[in-house]
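Have a look at the structure below before the remarks.
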Amino acid sequence: MRSEICEMNKWGILLLCCLGCVFKATSQVDVNLFRNPPMQARPNTYWEWMNGNISKEGITADLEYMKRANYGAAMIFEAGVGIPRGEVDYNSSQWTECVLHAMKEAERLDMKLFMHNSPGYSGTGGPWITVDNSMKQLVWSEAFVSATGKKVVEKICSVLSQKWDITGMRMCWRIRH
């Protein structure tokens, strides 16, 4: 019995040594590969085109910066809410020229380029979507009441003209002294 245990221990030790060699060989990291990872291993970023405030020079500068910062790809995302309108209208011939320029520059820099399917978040609606079925903004109000029931502070956080009540929630705390 004792010799069988010794025999098993011998094979177990041999197996562990072999596995250790395999793991040691596969855990080696090429320093150059770590410092200069392949494009598919690099981070991607959103690239927001701010309401037509774009130019070919700016596109080149942005992409060259992304390349220096080791990004592998960028996704063009046209955004315009609350941003002053620029000279280049979305989907105009000038805008299309800027997109083509961005594609050529990304190719020159060996980067990938992706595009959002519409300006901003308009892909979630359109003129056929009624106000009742459109996107909503969640707003709230708070009221702080003293122990005597007197309203101390009321804070209303709302900027919309139309409101829908999604739920009524009351939270009460009792403070014990």
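The values are calculated or read from the model by the stated rules, or taken from the named source; none is laboratory data. This is a predicted model, so every value here is computed, not measured. Every residue, glycine as well, gets a Cβ built from its backbone with ideal geometry; the counts of neighbours run over all protein chains shown.
For the stretch 90-101, indicate whether the set of residues that are loosely packed, with under 10 Cβ neighbours inside 10 Å, modelled with pLDDT of 70 or more, in a loop (DSSP other than H, G, I, E, B) and not basic (K, R) is non-empty. The answer is no; no qualifying residue exists. Select from the stretch 43-71 the residues that are without any contact (Cβ under 8 Å) to a residue 60 or more places away in the chain, farther than 17 Å from L100 by Cα and not in a loop (DSSP other than H, G, I, E, B) and list them in ascending order. Those that are without any contact (Cβ under 8 Å) to a residue 60 or more places away in the chain, farther than 17 Å from L100 by Cα and not in a loop (DSSP other than H, G, I, E, B): T45, Y46, M50, Y65, M66, K67, R68. Taking the numbered list (1) at pLDDT 80 or above; (2) outside any helix (DSSP H, G or I) in turn, Q28 passes all entries but (1). Total residues in the stretch 43-73 satisfying the condition of being crowded, with 18+ Cβ neighbours inside 10 Å and in contact with a helix residue (DSSP H, G or I) (Cβ under 6 Å, 6 or more places away or on another chain): the figure is 4.
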